[in-house]
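> Once you've had a glance at the structure underneath, I'll fire off some questions.
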Amino acid sequence: MANDTNTTSGDPGPHGSTAHGRELIYATAGTAGRVLALGGLQTMGWNLRRAPDARSVQRILQRDPRQPFAALLDLREGFSHQDLAEYGPALSASNAGWVAGVDAAQLDDPPVRRLIRDYCYDYVTLPCPEAVLNTVIGHAHGMAALACERGVAVSQVGFDDMIGDSPAMLALCRTLRKAALTEAPVFIAGETGTGKELAAMAVHRHSRRHANPFVAINCGAIPQNLVQSELFGYERGAFTGAQTRKLGRFEVANGGTLFLDEIGDLPLESQASLLRFLQEGCFERLGGHEQIRVDVRIISATHHDLEDSVAKGSFRADLFHRLCVLRLHQPPLRDRGADIDKLADYALKRYSQEGQRTLKGFAPCARHALHSHRWPGNVRELINRVRQAVVMAEGRLITAADLHIDGAETGPPPTLDEVRDAATREAIERALQRNRGRLVDTARELGVSRVTLYRLMGRHGLRESDPDSGGTVSVA
Ligand SMILES: Nc1ncnc2c1ncn2[C@@H]1O[C@H](COP(=O)(O)OP(=O)(O)OP(=O)(O)O)[C@@H](O)[C@H]1O
Ligand SMILES: [Mg+2]
């Protein structure tokens, strides 16, 4: 029996994977016959493992059942019915999202049809463009991640310092990973304190630009008349007081990423310059005529409704479309379920270490308060409340009063729509887990069409947006 071969390079990360990238198993029957090269997928960030038989696949999957895998089963050559039977357990593993690769003619073969219908998230006719394969196995991987055991921190399946593994965060992390692999401008929407800057940094750190600068600027915090010079720099003598040439943030960020926070506050003059940079890749310093060319990726964010600003005429529509090539939504904390506890525990541990006191944790009333509060300031508010409670708590357990959350502060009771939304979302999540992410079966179980299921998954943050399709969704 042949061994599975890990063709990945780099340091092993958690669960035996490399620190970056997702795991892909390429499963065949033996090593002879037509085998896909798949080198392009590795450069797209996949850690590729070749498996010449069912037992090799099983070994990989069992090494850590909490690690999600995409698995491509190349059925084109050499698969006997015995081979197919042996693949049963591997195909049923909950941490693998399977995609079948077939010759078009094989779709008439009943056992192949059955295998695809019963076990695979999708199929492709091979050979097919690697970009297509990347998208399909990306979705299969996402579904496997969804079905993986709960309680896995996002740092293990997701991204960087971002804590949380709620479906909304897992979907976001999958999209962030994809965004990191492209060069397209990213726009991050989300309420204040939800972690937009953290997400922008994560995209930068996982991109090919990671060794170059990440430069952040808050467009709303700089006086309007200074924004232009801050961004694009100025020449000596450009205005009274300009004693020397000064480089702007664009030049400082050369080779790296420029994060434009509160982009909605950018004055119209700077909007025009930014648009020109996005179209032509160059700009002029204030008081200068030289065309300066830099290689900078733009990530922008705002907690305001930018579409509304476009409608009101305070933000250019053409710039809006240039910035929003990939659009991400940072979910509000109140929609992240058990992530609230994980973030609170994290903050407690972090700030307890600062002081001399040993706190044992949160009292039940505090846990209840954490979940009933509406968190208008999101993660930032949570961290600040816990930090303050660590200092002020008199007992060994933090109470609701220490967090300054009481019944009156917990906001209005949920509306009927909110209750209905929460129930719908939970039902979909559970059905997806039961059906190991297979949409057809999940839709059938829930009594809706596949299209409706897809739409609902989108609305409830249970699937990622697709960078290749310009930000909004995908999949047939
Ligand atoms: N998932 C997370 N895990 C750990 N810390 C987080 C997470 N999300 C946010 N934070 C922390 O919460 C604080 C606010 O995050 P950040 O500044 O990225 O939010 P923001 O969306 O940019 O807010 P604003 O709109 O006010 O600029 C930071 O201290 C950040 O480290
Ligand atoms: Mg911010």
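> Using Cα pairs closer than 8 Å and at least 6 residues apart in sequence, work out the relative contact order for the range 167-330, in percent. List each step's numbers first, then the result.
On the way: 298 pairs, mean separation 54.2, N = 164.
Computed over the range 167-330, the figure is 33 percent.
> For the range 416-465, take N as its residue count and report Rg(C-alpha) divided by 2.2 N^0.38 Å. Please report the intermediate quantities before stating the final value.
Numbers: Rg = 10.2 Å, N = 50, 2.2 N^0.38 = 9.7 Å.
Dividing the Cα radius of gyration by 2.2 N^0.38 Å gives 1.05.
> Could you work out [θ]222 nm for the chain from helices alone, using -39500 (n - 2.57) per DSSP H run of at least four and dividing by all its residues? Round to the nearest 500 deg cm²/dmol.
Numbers: 20 runs with 197 residues, N = 476.
-12000 deg cm²/dmol, from helical runs alone.
> Size of the dipole of the chain about the Cα centre, Lys and Arg at +1 and Asp and Glu at -1 on the beta carbon, nothing else charged, in debye to 20?
Values: 56 positive and 57 negative charges, 120 e Å.
Taking the Cα centre of the chain as origin, the dipole is about 580 debye.
> Please work out how much length the chain gains when fully extended from Thr43 to Ala211, using 0.36 nm per residue of separation minus the C-alpha to C-alpha distance, in nm with one decimal. Don't jump to the answer; show the numbers that get you there.
Details: separation 168, 0.36 × 168 = 60.48 nm, distance 1.75 nm.
Full extension from Thr43 to Ala211 adds 58.7 nm.
> Related question: Percent relative contact order of the chain, based on C-alpha pairs within less than 8 angstrom and at least six residues apart? Before the final figure, lay out the partial values.
Details: 824 pairs, mean separation 62.7, N = 476.
It rounds to 13 percent for the chain.
> A further question follows. For the pair Arg66 and Gln388, what calculated FRET efficiency results from E = 1/(1 + (r/R0)^6), where r is the Cβ-Cβ distance and R0 = 45 Å, to the nearest 0.05?
Working: r = 35 Å, r/R0 = 0.77.
The value I calculate is 0.85.
> Spin-label point model (7 Å from Cα, Cβ direction): what's the Gln82 to Gln224 distance in nm?
Between Gln82 and Gln224, the label points sit 7.9 nm apart.
> Order of Val57, Val252, Val99 from fewest to most other C-beta atoms within 10 Å?
Values: Val57 27, Val252 15, Val99 23.
Fewest-to-most Cβ neighbours within 10 Å comes out as Val252, Val99, Val57.
> Select from the range 262-332 those GluC sites (Glu not before Pro) which occupy a DSSP coil region and have at most 16 other Cβ atoms within 10 Å, ordered by residue number. Show your work: numbers first, answer last.
Working: sites: Glu262, Glu269, Glu280, Glu284, Glu290, Glu307; in loops: Glu262, Glu284, Glu290.
In loop regions of the range 262-332 (DSSP not H, G, I, E or B), the sparsely surrounded GluC sites (Glu not before Pro) are Glu284, Glu290.
> Suppose the chain between Lys360 and Glu307 were pulled fully straight at 0.36 nm per residue; how much longer would it get relative to their current alpha carbon spacing? Write down the numbers at each step before the final one.
On the way: separation 53, 0.36 × 53 = 19.08 nm, distance 4.60 nm.
Fully extending the segment from Lys360 to Glu307 adds 14.5 nm.
> Show me the three semi-axes of the equivalent ellipsoid for the range 333-409, from the C-alpha gyration tensor (sqrt of 5 times each eigenvalue), largest first, rounded to whole Å.
Working: eigenvalues 70, 36, 22 Å².
Working through the eigenvalues yields semi-axes of 19, 13, 10 Å.
> Averaged across orientations, what area in nm² does the convex hull of the alpha carbons in the range 167-330 project? All intermediate terms of the calculation are to be shown ahead of the outcome.
Working: hull surface 38.0 nm².
Reported value for the Cα convex hull: 9.5 nm².
> Within 10 Å of each candidate Cβ there may be at most 14 other Cβ atoms; applying that plus a DSSP loop requirement, which GluC sites (Glu not before Pro) in the range 19-113 survive?
Qualifying residues, ordered by number: Glu77.
> Can you give me the C-alpha center-to-center distance between the range 268-335 and the range 36-87, rounded to a whole angstrom?
So the two Cα centres are separated by 42 Å.
> Which lysines, if any, have their Cα less than 27 Å from the Cα of Lys312, not counting same-chain residues under 8 positions apart?
Lys196
> Further question on the same structure: Nearest-5 percent of antiparallel DSSP beta bridges in the chain? Intermediate values should be presented prior to the final figure.
Working: 6 of 48 bridges.
Approximately 10 percent, going by the DSSP bridge assignments.
> Need the full-extension length gain, Asp108 to Val440, defined as separation in residues times 0.36 nm minus the C-alpha distance. One decimal, nm.
Values: separation 332, 0.36 × 332 = 119.52 nm, distance 1.96 nm.
In short, 117.6 nm is gained.
> Related question: Beyond 29 Å, how much of the Cα-Cα pair distribution for the chain remains, as a whole percent? Spell out each step's value before the answer.
Details: 63875 of 113050 pairs.
Above the 29 Å cut-off, the chain has 57 percent of its Cα pairs.
> Please give, to one decimal in nm, the separation of the simple spin-label points placed at Thr452 and Arg117, each 7 Å out from Cα toward the Cβ.
The two pseudo-label positions are separated by 2.2 nm.
> I would also like to ask the following. Within the range 167-330, what percent of beta bridges assigned by DSSP are antiparallel, to the nearest 5? The partial results should precede the final answer.
On the way: 3 of 22 bridges.
Here the share of antiparallel DSSP bridges comes out near 15 percent.
Every number in this text was worked out from the coordinates using simple rules, so none of it is lab data. Note that this is a predicted model, so its numbers are computed, not measured. Cβ atoms come from the backbone with ideal geometry, glycine included; neighbour counts cover every protein chain shown.
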